[in-house]
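**Student:** My questions will all concern the structure given below.
The values are calculated or read from the model by the stated rules, or taken from the named source; none is laboratory data. Note that this is a predicted model, so its numbers are computed, not measured. Note that each Cβ is placed from the backbone with ideal geometry, even for glycine, and that neighbours are counted across all protein chains shown. Accessible surface is based on the protein model in full, side chains and every heavy atom, while ligands, DNA and RNA are left aside. Shrake-Rupley method; radii C 1.70, N 1.55, O 1.52, S 1.80 Å.
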Amino acid sequence: MPKNDPGQVFLACRLVASFADGSRLLFDGVDEDQARQLMEAAQSQHGDITWWDGVTDQNYEHGRYYATVPSPPEINVIDLDESQNRPF
């Protein structure tokens, strides 16, 4: 479970990008489109984007805040073999 400072705010999406000037920056948004727009706007100051991806760290998984990632589906296995249920 991530350890967050109660004063920290985590938006739903976080991207990371490397730029032509060698900088590597993080971009947060309420969704991926907003984070991507911020990332693309940074090209005017840092040059072309050379690489980008969704952040994976203690709070994010592939760019999505961990609390917004849905839980994996549950699978209930039922043993229909009646021989297991017969008295001896």
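**Student:** Can you name every residue in the stretch 7-35 that is modelled with pLDDT under 95 and more than 16 Å from Tyr66 (Cα to Cα)?
**Tutor:** Within the stretch 7-35, just Gly7 meets the criteria.
For (1) under 16 Å from His62 (Cα atoms); (2) exposed (fewer than 13 other Cβ atoms within 10 Å of the Cβ); (3) in contact with a helix residue (DSSP H, G or I) (Cβ under 8 Å, 6 or more places away or on another chain), each residue gets a yes or a no:
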{"site": "Ser18", "(1), (2), (3)": "no, no, no"}
{"site": "Arg24", "(1), (2), (3)": "no, yes, no"}
{"site": "Asp33", "(1), (2), (3)": "yes, yes, no"}
{"site": "Arg36", "(1), (2), (3)": "yes, no, no"}
{"site": "Ser44", "(1), (2), (3)": "no, yes, no"}
{"site": "Gly47", "(1), (2), (3)": "no, no, no"}
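**Student:** For residues that are of a type in the set (S, T, N, Q), open to solvent by less than 80 Å² (accessible area, probe 1.4 Å) and assigned to a strand (DSSP E or B), tally how many sit in the stretch 49-64.
**Tutor:** Here is the first cut: in the stretch 49-64, the residues of a type in the set (S, T, N, Q) are 50, 56, 58-59.
Next, only the ones that are open to solvent by less than 80 Å² (accessible area, probe 1.4 Å) stay: 59.
Next cut, assigned to a strand (DSSP E or B) only: none.
Of the residues in the stretch 49-64, 0 are of a type in the set (S, T, N, Q), open to solvent by less than 80 Å² (accessible area, probe 1.4 Å) and assigned to a strand (DSSP E or B).
**Student:** Whether any residue in the stretch 65-82 is at pLDDT 90 or above, outside any helix (DSSP H, G or I) and open to solvent by 60 Å² or more (accessible area, probe 1.4 Å) is what I want to check. Show your work before the answer.
**Tutor:** First pass over the stretch 65-82, keeping only residues at pLDDT 90 or above: 65.
Among the residues that remain, those that are also outside any helix (DSSP H, G or I) are: 65.
Now restrict to residues that are open to solvent by 60 Å² or more (accessible area, probe 1.4 Å): none.
No, the stretch 65-82 has no match at all.
**Student:** Also, quick follow-up: Is there a residue in the stretch 7-15 that is open to solvent by 70 Å² or more (accessible area, probe 1.4 Å) and on the phi < 0 side of the Ramachandran plot? I'd like the intermediate steps shown before the answer.
**Tutor:** Just the residues of the stretch 7-15 that are open to solvent by 70 Å² or more (accessible area, probe 1.4 Å), to begin with: 8-9.
Remaining after also requiring on the phi < 0 side of the Ramachandran plot: 8-9.
Yes, that holds for at least one residue.
**Student:** Would you confirm whether or not the stretch 20-42 contains a residue that is within 11 Å of the chain's Cα centre (by Cα) and among the β-branched types (Val, Ile, Thr)?
**Tutor:** No, the stretch 20-42 has no match at all.
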